[in-house]
Amino acid sequence: MSIIGTRVDGRLIHGQVANLWVTKLQISRIMVVDDKTATSQIEKSGLKLATPSGVRLSVLPVQKAATNILAGKYDSQRLLIVVKEPKYLNDLVDAGVELSDVNVGNLARDNAKKILTHQVSVTQDDIDNFKELNQKGVHLFAQVNPSVKSEDFMKLLQN
């Protein structure tokens, strides 16, 4: 499997992802999976600018991402999947993509029901989606950047 990392980050590609995670995980392609972003030329241009040189970028809707991954299109690459919201990860898993670990990095919600850490606040939809991912056997952990200790995300969610 070519998926090296999977991250939920409301900002998608920014300093922590572009510099710290890409370097730590030796990523060769960042895949942003987001139905809305995939249709926005402006957002895609911004993501291209934020992507480190030498790293490829794909910005795809869920179905196209799942189809490409399952077809083995990225098997020779080290892939980092980044999503704004956990629902897209559930959609990928439902489409047959295997995800073993998901890093919940930065999720700031205006209509947050629950604040978990300085970087993570969640809506009821997010909570439901994270619980569903957990039930599907996906290990969820919270870690802002590689130099910080990771925490069990489901424990944070239960507190």
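The values are calculated or read from the model by the stated rules, or taken from the named source; none is laboratory data. Not measured: the values here are computed from a predicted model. Cβ: placed from backbone, ideal geometry, glycine included. Neighbour counts: every protein chain shown. Just so you know, the surface numbers come from the protein's heavy atoms only, side chains and all, with ligands and any DNA or RNA stripped out. Shrake-Rupley method; radii C 1.70, N 1.55, O 1.52, S 1.80 Å.
Observations on the structure shown:
- Residue count for the stretch 78-115, restricted to those that are among the hydrophobic types (A, V, I, L, M, F, W, C), more than 15 Å from Gln143 (Cβ to Cβ) and either assigned to a strand (DSSP E or B) or at pLDDT 95 or above (or both): 10
- For the stretch 94-105, residues that are open to solvent by 30 Å² or more (accessible area, probe 1.4 Å), over 11 Å from the mean Cα position of the chain (by Cα) and at negative phi total 4.
- If you filter the stretch 1-50 down to residues that are more than 22 Å from Val138 (Cβ to Cβ) and of a type in the set (Lys, Arg), you find that the one that is surrounded by the most Cβ atoms within 10 Å (Cβ to Cβ) is Lys44.
- Within the stretch 51-63, being touching a strand residue (DSSP E or B) at 6+ places or on another chain (Cβ under 9 Å) and either surrounded by 14 or more Cβ atoms within 10 Å (Cβ to Cβ) or of a type in the set (S, T, N, Q) (or both) holds for Thr51, Pro52, Val55, Leu57, Ser58, Val59, Leu60, Pro61, Val62.
- Qualifying residue in the stretch 128-148 (condition: farther than 19 Å from Ala18 by Cα, touching a Lys or Arg at 6+ places or on another chain (Cβ under 8 Å), surrounded by 14 or more Cβ atoms within 10 Å (Cβ to Cβ) and modelled with pLDDT under 95): no
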